[in-house]
Amino acid sequence: MPESATPALPAVDDFAGLDMPAGLLATLTAQGVTTPFPIQGATLPDSLAGRDVLARGRTGSGKTLAFGLALLARTSGLRAQPKAPLALVLVPTRELAQQVTDSLAPYATAVNVRLATVVGGLSITKQAATLRRGAEVVVASPGRLNDLVERGDCVLDDVRITVLDEADQMTDMGFLPQITKLIKQVRPDGQRMLFSATLDRNIDQLVKRFLTDPVVHSVDPSAGAVTTMEHHVLHVQDATDKKAVTTRIAARDGRVILFLDTKRSADRLAKRLLSVGVRAAALHGGRTQPQRNRTLEQFKTGQVTALVATNVAARGIHIDDLDLVVNVDPPADHKDYLHRGGRTARAGGSGSVVTLVLPEQKHEVSKLMK
């Protein structure tokens, strides 16, 4: 990781000591957010001062407010021209874009900053109209934002603050060329903040290219603070045994997310669970955005108790008090494991992650767990 030439500012353990508009401080109190999470206390002094920031913190650690408060504080009082936002948050998935927008909405309202969400799967015409009316902050997935820029519906020349959230996931998903194309268009003297659960070689490329003397904050060890989670490996004999175990776990009291590798297997399992009376639903990239939103809402309210998902859902889903995640298919690598597991034990809560392992998967999974 790069060493910063200028030392980081000291961390804070109280929002009141930060240079933020009164509206933001009042909203924090109203939302019941009293003490900063470690990543917020560490990064906010630097990001509010306008420094470039490179921060590693696992999912569920409070990253959204860590960059969101700084971005809103530094944008409040400014007005965007039509089609020309002043701040940009790039995220890998539609779900995460929606979640970031929802989390920041009360704070944005408090300081009179207009937010727009720009993602695939929803009407591009409506999104273009929102941008024409003017929005100071745009939360976007790279693909859709590039489309709008190419159509002339969005201009990035005025963007003074750019945030990459879940940057590792974006580069893994092949967004690197699109991200590069977008960042090359924002103001060269602007502030850049990069938040990621892991800092690997792709991230390094972005840092070298686009961040100027960044302050580095690594709030959680790379393993993620998975100490508040319990990890279980269940060895199953064969496919039949695996099906029976999966069904029994899904039928327990309380909510559970079950992760599978493919859209087809997720649909099949959801169907099988429904047939035995488990309130299940599938969530994956093959569903339309309204379908995905509806399924998530039903899971949050408890109408659906077993959410059967692919990795798409492993990022950006925030469900309060979810205490169990099951890897029906073991994840491909440790990053996927962290992100799937990160749906539980969020913000200091506790939870369990169970991985089902067939005899031929034993070797791979024991390597992964190490």
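The values are calculated or read from the model by the stated rules, or taken from the named source; none is laboratory data. From a predicted model like this one, the values you see are computed outputs, not experimental measurements. Cβ placement follows ideal geometry from the backbone for every residue including glycine, while neighbour counts extend to all protein chains displayed.
So Gly143 passes all but one of these: (1) at pLDDT 95 or above; (2) in contact with a helix residue (DSSP H, G or I) (Cβ under 7 Å, 6 or more places away or on another chain); (3) surrounded by fewer than 19 Cβ atoms within 10 Å (Cβ to Cβ). Which condition number does it fail?
(1)
Output the number of residues of region 291-321 satisfying the condition of being loosely packed, with under 14 Cβ neighbours inside 10 Å, without any contact (Cβ under 8 Å) to a residue 24 or more places away in the chain and over 19 Å from the mean Cα position of the chain (by Cα).
Selection size over region 291-321: 1.
Taking the residues in region 117-143 that are touching a strand residue (DSSP E or B) at 6+ places or on another chain (Cβ under 8 Å) and among the small types (Gly, Ala, Ser) as candidates, determine which candidate is farthest from Asp102 (Cα to Cα).
Going through the qualifying residues, I end up with Gly134.
Please specify each residue of region 251-290 satisfying the condition of being among the aliphatic types (A, V, I, L, M), under 25 Å from the mean Cα position of the chain (by Cα) and more than 28 Å from Gly121 (Cα to Cα).
Passing the criteria: none in range.
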